[in-house]
Amino acid sequence: MTLTHRMKYLGIFLSLWLTACTEVQKSPIRQSEHSAFGTVAAAISPKTQLAAVSSLTSGVVVWDLNDHSAKFRISQQQPTENFISHLAFSSDGGFLLSAASDSFSMWRMSDGQNIGFWSLPESSVRDIAISDGGSHLLIGQNDGKVQHITLKSGRRLEFLGHTEKVNSVAMSPNGRYALSGGNDLKAYLWDTQSGQIIHTFVHPTRVTKVALDLTGKFAFTADSQQQATVWDLKTGQPKLQLAMGRGRVFTVAHFSDDGRYLLTGAASRRATIWDIETGKVVEDFMVSPTEGTRPASSVVYDVALIAPNRLLTESSSGQAEEWDFNHE
């Protein structure tokens, strides 16, 4: 055998070896186009099987996930001048909160009607949350304040614990407790009735994402340098640290309704299911890239379990994608 032949077969061997060692990415079992282009925000409601998508040209469209049809088109502003960059469903799915940088609105999902509109001239919106029944709103602001609004009474409480801008907020389903994280390297769990801090979670860099478990057992905080922690809310101590790596700076994080999993999305196209008991990755998914991006990229805006073994992702590609995963 000549050297040329040896090199030829060596090349074939290496090629086969590399192919065998390359991680095979799952393909979605269903794709639905929710926006042709220019998607800037999205939210999913597993309880009511709805998804809301904000695009640059069509305002906000609420989609029925059962029959894959557009249910409502809502416009906080002119659809052709849409700057709705934040969307959040109440955990019961009955209401949707939408926000631009200087205003926010609440919508009833039974008929798509607007319930209220509020302006925010003194600061800008950084993140939003809404309680069950649409009773309470939570607004994280650029000036470091967090507003808690009770709609029935009109009461507004300003939480002033942060010294720099707030990046992420979450609220318990009944509106009683809030979690907020900011550029001051801290996340606070606090009582929305008194404004008193219950737990302080400290990070080495700015806190960029927070989430609360609906069962009231856990909180999640993550920073910009890939440190992510699940906290035991009874003790205020870390339950586990997630094994972070490249491409896992989170754009979204939710606990599953039963508190068994943490669901995350990132700007690297990656959606991940984590086991809360072990901190291990149950499964990773790579969403479709946004058309025209070089290199291929996409931001995961929301991720949710819509069935025991079915994950749904919404991303900047404008695609709603359903994925199977191994649920034991």
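Could you go through the range 9-32 and let me know if any residue there is outside any helix (DSSP H, G or I), farther than 16 Å from V303 by Cβ, charged (D, E, K, R) and at pLDDT below 55. There is at least one residue in the range 9-32 that is outside any helix (DSSP H, G or I), farther than 16 Å from V303 by Cβ, charged (D, E, K, R) and at pLDDT below 55. Total residues in the range 231-249 satisfying the condition of being touching a Ser or Thr at 6+ places or on another chain (Cβ under 9 Å) and modelled with pLDDT of 90 or more: the figure is 7. Contact map, the range 150-170: residues that are more than 15 Å from S131 (Cβ to Cβ) paired with residues that are among the aromatic types (F, W, Y) and outside any loop (DSSP other than H, G, I, E, B), Cβ distance under 7 Å, separation 6+ or inter-chain. Pairs shown: F159/W190; G161/Y188; G161/W190.
Under the condition of being of a type in the set (A, V, I, L, M, F, W, C) and in a loop (DSSP other than H, G, I, E, B), which residue from the range 234-278 is nearest to D302 (Cα to Cα)? My answer is A267.
The values are calculated or read from the model by the stated rules, or taken from the named source; none is laboratory data. The structure displayed is predicted, hence computed values, not measured ones. A quick note on method: Cβ atoms are made from the backbone with ideal geometry, for glycine too, and the neighbour counts reach across all protein chains shown.
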